[in-house]
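To keep things clear, I will list the structure first and then write my remarks on it.
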Amino acid sequence: MSTKAFQKIYTKISQITKATISLHATGVGNDELALVNGKLAQVVKLMGDEITLQVFGGTEGIPTNAEVTFIGKSPTLNVSDNLAGRFFDAFGNPIDGGPKVEGTEVEIGGPSVNPVRRKQPSELIATGIAGIDLNNTLVSGQKIPFFTDPDQPYNEVMANVALRAKADKIILGGMGLTNDDYLYYKQVFDNAGALDRIVSFVSTTDHPPVTRLLVPDMALCAAEYFAVQKNESVLVLLTDMTLYADSLSIVSNRMDQIPSKDSMPGSLYSDLAKIYEKAVQFPAGGSITIIAVTTLSGGDITHAIPDNTGYITEGQLFLRRDTDIGKVIVDPFRSLSRLKQLVIGDKTREDHPQVMNAAIRLFADAANAKTKMENGFDLTDYDERSLNFAKDYSDKLLAIDVNVGIDEMLDTGWNLFGKHFKREEVSIKQELVEKYWPAN
Amino acid sequence: MATTGKVKGIIANLVIVEVEAAVSQNEICFIILDEVRLMAEVIKVIGKDAYVQVFESTRGLKIGSTVEFAGHLLEVTLGPGILSKNYDGLQNDLDKMDGVFLKRGEYTFPLDEDKLWDFKPIAKAGETVEAASWLGEVDENFQPHKIMVPFVFEGSYTVKSVAEAGQYKITDTIAVLVDEKGNDVEVNMIQKWPVKKAITHYKNKPRPFKLLETGVRTIDTINPIVEGGTGFIPGPFGTGKTVLQHGISKQAEADIVIIAACGERANEVVEIFTEFPELVDPHTGRKLIERTTIIANTSNMPVAAREASVYTAMTLAEYYRAMGLKILLMADSTSRWAQALREMSNRLEELPGPDAFPMDLSAIIANFYARAGYVELNNGKTGSITFIGTVSPAGGNLKEPVTESTKKVARCFFALQQSRADSKRYPAINPIDSYSKYLEYPEFAEYISERINDQWIPKVNRLKTMLQRGLEVSEQINILGDSSAGCL
Amino acid sequence: MGWRFLSKLIFWGILQQDAFDKVDCASPIERQEYMLNIVIDICDKEYNFSGFAEVGPYFKKVINVLKQMNYALFKSDDFFKEEKELEKLLAESQVAVEA
């Protein structure tokens, strides 16, 4: 961040807390950035001439006579085509050894789209993963998180989804990413030869937690440039939003705000919504799709972070390990894509909705049979067959290592029905059964 | 002369203004920031300091900025042309705004100034009228829209003249009245009203009794709602609250439907924008959009305006009720409204109640629900506002302040259940936990006897008993381990 | 044991409704009255089954017909066709009260 000439330098700090400092100054705007002994800070409160600043890097070592200069603007990003292929920190500074990006300076966290100017999302995003494409189809302009315990391979799944989705740009917003995971993403994108369509903003665990707060706005600011100015389809990956929310609670705690549920600030819903609602289908053709990660604690979705997220996003993808096949699957019961209705059976083959529902219903029958078995009850022939079906279904469709086209997923579905069940047991519309039931 | 002031403190969207003269609680003011004017509302006054909540982002705002007070409370503009409009929470016409993104400080007029309306007089010269008396009517999307004596008029007036049938703009004078002192008062088709004050220009408000058909069997048959009744739909995410609300707003036999999208997903509003112009109202054969007004304050729009949006929606509903129409008002979600109250209350450093919500949350919710109802107008006609709000309980737990406060006041409770939704059984309303107090109203029983037959309510009660027993048996079997149970 | 099947029947015959189906999404009160009467009648009837295993499959069939009725246009040919089917089913398993 460069500073303007002839700026006033303040050197009298009146109060220091863990995250904030206060001083007397005039002519300062709300949300404006400042440098405190070279550390970036932002105005969070003005009371007469007393200004409170949130110091992103933490206040450790800041003396009461630190040099404070105000930059005269809120956080910005230089946007241009040159962002493509680059890696930045939370402040938008390059971390890949490359030069600073020239471009139009834009304030991050900009205005919302007028709801009447939005278009209804309608473009299917294929990922090759049947647990997503078949059961929880994604649509451009959608916002959806993975709900996952921290031990699941969510970063791998995200990277796969990103590379297979036919997006013009992929923007990675990494919050509290470990350095290993950051390097993993970099390597995967590099190996896939996709680096030229990737832009990354990363605050790793090496950085102070408060810097995470800038990452989503940086990523989405870049996304808006490509989606609005270039009419591109942009996929934004945000990982991990739970760590973002943790930073919110740190700041609000240090600002002495009254916490609400689970020590989260009362504004958590609005804070998260402001990010997720940047997902949009623009009328001119560009779109922003957000796929996020919300790590859970022991699968608990009633915690304030997943709970508020669930009310904001258009569904969720729930990852869990299926012990029968020893693989990670996309749980068909707890996952949901609210927008799939806009594309399935319309942009995809006619039998899609019926195959999807029938398979999930039969999978539920297997779950019942399993409970029965575990409680020592006798299994019927149907129970046995549904259990065998469930194993096949998990392995050939739900597992996250599946990578096939949607038609093939549907064919696989029919083959499994034919292998394990009689026609009347799958209760699918007669005309579809006639057309697709496997011959044998 | 209007009061002015200077900005003295800024904490997010709470701004403290040092005022130079008198201000009112809830008065509107505008903070001047370069070329834009940021609208705000006074929410607390201490000495010379007025605490205002700003309906916009306060980014870049500086100490010492000028503030101009408007001399009135937050109000809506009432007149023909409200139907089919898409408003934000402050009644700005969203379609009149340029560009894809919302601009800070852009306020647009909610009605159409140039449109000509076919006016027919109702009142005659020499008649005595008062506030809310019908002077004439225009066709608004084929609904009879009454032009009334403005609600703010006090006392009685004598009609001097009413315009002849013909085409008029909303700004044209359509009647001249003479007040008690003998002064002429001109009336056009526009009037204003503060949103936080109920429009109570009716003779009385009896208990509601007429069934309001929603087309949803678990509601109409099992737990019916009535014209002028209140209901609420709590449910965890993914249980189909929004699908149910959209369904009701499509099918209900109301003259007018007002939907307040309060702090929810923008794409859900887009669904209404996209579908309602195509869908046909089953009762009139007209397009659904013609009877619908949308107040869209989606979750990414300013929080203070979210609080205002439900009041804006209610005031529009009260305006149409005064014309003798049946209004259905849907608010999705009242929890987001309560959260907006909480955010402000926290910034004001008020002593918090349960879950950090303001202490008077219950009272605020109760007052709001009380504005719905079935009324007999002064001219003997009737009108109603049926209000259905959704509640988004944190973690799906119904023992939280918003659900509990709402339960005390809403007469119908439609409990959405996670396990039902998980097994794709929609609508996921639990028939046993849900209730409708209207089933206990003798007025309702009498009405149903005539509309359907006198065996209806006993049959419905038997049905409920059977459901209850079935559930109990299922629970027993569950304990005993029969895996095929639990399917109710 | 009958309560469980009857409550299932009430669920599928009345409560369950398909918001995405053109016909089923909206049910006028006259239609609701018609279906309530049918369902109550089914519940009031006496049944005579030779064994427990018969009960489930039988009610499955009844429920399926009720579902088809809900999907058919009210009082259309299809609707009456399903109603006939229902009457047939009910006649099959209903016998005079014995013992």
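The values are calculated or read from the model by the stated rules, or taken from the named source; none is laboratory data. Here the structure is a predicted model, which means the values were calculated and not measured. Note that we place each Cβ from the backbone using ideal geometry, even for glycine, and neighbour counts take in every protein chain shown.
Some values worked out for this structure:
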read-out	value
Residue in the range B:368-379 that is under 27 Å from B:I256 (Cβ atoms), modelled with pLDDT under 90 and buried (at least 20 other Cβ atoms within 10 Å of the Cβ) present	no
Any hit, the range A:240-263, residues being crowded, with 22+ Cβ neighbours inside 10 Å, under 25 Å from A:Q142 (Cβ atoms), within 13 Å of another protein chain (Cβ to nearest Cβ) and modelled with pLDDT of 95 or more	no
Set B:Y426, B:Y441, B:Y447, B:Y435: member being more than 30 Å from A:D331 (Cβ to Cβ), within 13 Å of another protein chain (Cβ to nearest Cβ), crowded, with 17+ Cβ neighbours inside 10 Å and of a type outside the set (V, I, T)	B:Y447
Sole exception among (1) buried (at least 22 other Cβ atoms within 10 Å of the Cβ); (2) farther than 18 Å from B:A296 by Cα; (3) at pLDDT 95 or above for B:K124, by number	(1)
Residues being within 29 Å of B:R336 (Cβ to Cβ) and in contact (Cβ under 8 Å) with a residue 60 or more places away in the chain - total across the range B:56-78	12
Which listed residue is out of contact with any Leu (no Cβ under 6 Å at 6 or more places or on another chain), of a type outside the set (F, W, Y) and either surrounded by fewer than 14 Cβ atoms within 10 Å (Cβ to Cβ) or more than 8 Å from every other protein chain (Cβ to nearest Cβ) (or both), from C:I29, C:I42, C:I14	C:I42
Residue match in the range B:213-232 (condition: hydrophobic (A, V, I, L, M, F, W, C) and touching an Asp or Glu at 6+ places or on another chain (Cβ under 7 Å))	no
Residue under evaluation B:I388, criteria (1) at positive phi; (2) buried (at least 23 other Cβ atoms within 10 Å of the Cβ), criterion not met	(1)
Only listed residue being under 25 Å from the mean Cα position of the chain (by Cα), within 14 Å of chain A (Cβ to nearest Cβ) and not hydrophobic (A, V, I, L, M, F, W, C), chosen from B:D34, B:D93	B:D93
Criterion: over 22 Å from the mean Cα position of the chain (by Cα) and at pLDDT below 95 - qualifying residue of B:G215, B:G238, B:G166	B:G238
The lone exception for C:M35 - which of (1) under 12 Å from the mean Cα position of the chain (by Cα); (2) facing chain B (nearest Cβ under 7 Å); (3) free of Cβ contacts under 8 Å to residues at least 40 places away in the same chain it fails	(2)
So B:R347, is it of a type outside the set (V, I, T) and more than 27 Å from B:T312 (Cβ to Cβ)	no
Residues being crowded, with 23+ Cβ neighbours inside 10 Å, out of contact with any helix residue (DSSP H, G or I) (no Cβ under 6 Å at 6 or more places or on another chain) and part of a loop (DSSP other than H, G, I, E, B) - total across the range B:181-222	4
Filtered residue count, the range C:64-79, keeping only those that are assigned to a helix (DSSP H, G or I) and surrounded by fewer than 18 Cβ atoms within 10 Å (Cβ to Cβ)	6
The lone exception for B:G182 - which of (1) within 14 Å of another protein chain (Cβ to nearest Cβ); (2) free of Cβ contacts under 8 Å to residues at least 12 places away in the same chain; (3) of a type in the set (G, A, S) it fails	(1)
Some residue of the range B:229-246 being without any contact (Cβ under 8 Å) to a residue 40 or more places away in the chain, out of contact with any strand residue (DSSP E or B) (no Cβ under 6 Å at 6 or more places or on another chain) and surrounded by fewer than 24 Cβ atoms within 10 Å (Cβ to Cβ)	yes
A:K347, sole failed condition from (1) within 12 Å of chain B (Cβ to nearest Cβ); (2) surrounded by fewer than 21 Cβ atoms within 10 Å (Cβ to Cβ)	(1)
Single residue of A:S263, A:S287 found to be in contact with a Ser or Thr (Cβ under 6 Å, 6 or more places away or on another chain) and over 21 Å from B:G395 (Cα atoms)	A:S287
Given (1) on the phi < 0 side of the Ramachandran plot; (2) within 14 Å of chain B (Cβ to nearest Cβ); (3) crowded, with 24+ Cβ neighbours inside 10 Å, index of the condition A:G141 fails	(1)
Restricting the range A:323-339 to residues that are assigned to a loop (DSSP other than H, G, I, E, B), crowded, with 16+ Cβ neighbours inside 10 Å and not charged (D, E, K, R), the residue that is nearest to the other protein chains (Cβ to nearest Cβ)	A:L339
Count of residues meeting criterion [surrounded by fewer than 21 Cβ atoms within 10 Å (Cβ to Cβ) and touching a Gly at 6+ places or on another chain (Cβ under 9 Å)] in the range B:322-351	1
In the range B:268-298, residue nearest to the other protein chains (Cβ to nearest Cβ) [restricted to those that are hydrophobic (A, V, I, L, M, F, W, C) and part of a strand (DSSP E or B)]	B:A296
Complete set of residues in the range A:57-76 that are among the hydrophobic types (A, V, I, L, M, F, W, C) and over 23 Å from B:G9 (Cβ atoms)	A:I62, A:A66
Positions within the range A:193-218 being touching a strand residue (DSSP E or B) at 6+ places or on another chain (Cβ under 9 Å) and either of a type in the set (D, E) or in the same structural domain as A:L33 (by TED's automatic domain parsing) (or both), in sequence order	A:D217
Criterion violated by B:K424 - all others in (1) among the charged types (D, E, K, R); (2) modelled with pLDDT under 85; (3) closer than 17 Å to B:L471 by Cα satisfied	(3)
Test result for C:S76, without any contact (Cβ under 8 Å) to a residue 12 or more places away in the chain and on the phi < 0 side of the Ramachandran plot	yes
Which listed residue is of a type outside the set (K, R), surrounded by 13 or more Cβ atoms within 10 Å (Cβ to Cβ) and touching a residue at least 60 places away in the same chain (Cβ under 8 Å), from A:L362, A:L379, A:L387, A:L416	A:L362
Hey, B:A261 buried (at least 24 other Cβ atoms within 10 Å of the Cβ), part of a strand (DSSP E or B) and in contact with a strand residue (DSSP E or B) (Cβ under 7 Å, 6 or more places away or on another chain) or not	yes
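One line per residue, one yes/no per condition, for (1) surrounded by fewer than 23 Cβ atoms within 10 Å (Cβ to Cβ); (2) under 11 Å from A:T239 (Cα atoms); (3) out of contact with any strand residue (DSSP E or B) (no Cβ under 7 Å at 6 or more places or on another chain):
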| position | (1), (2), (3) |
| --- | --- |
| A:P153 | yes, no, no |
| A:E156 | yes, no, yes |
| A:N160 | yes, no, yes |
| A:D168 | yes, no, no |
| A:M175 | no, yes, no |
| A:D180 | yes, no, yes |
| A:Y184 | yes, no, yes |
| A:F189 | yes, no, no |
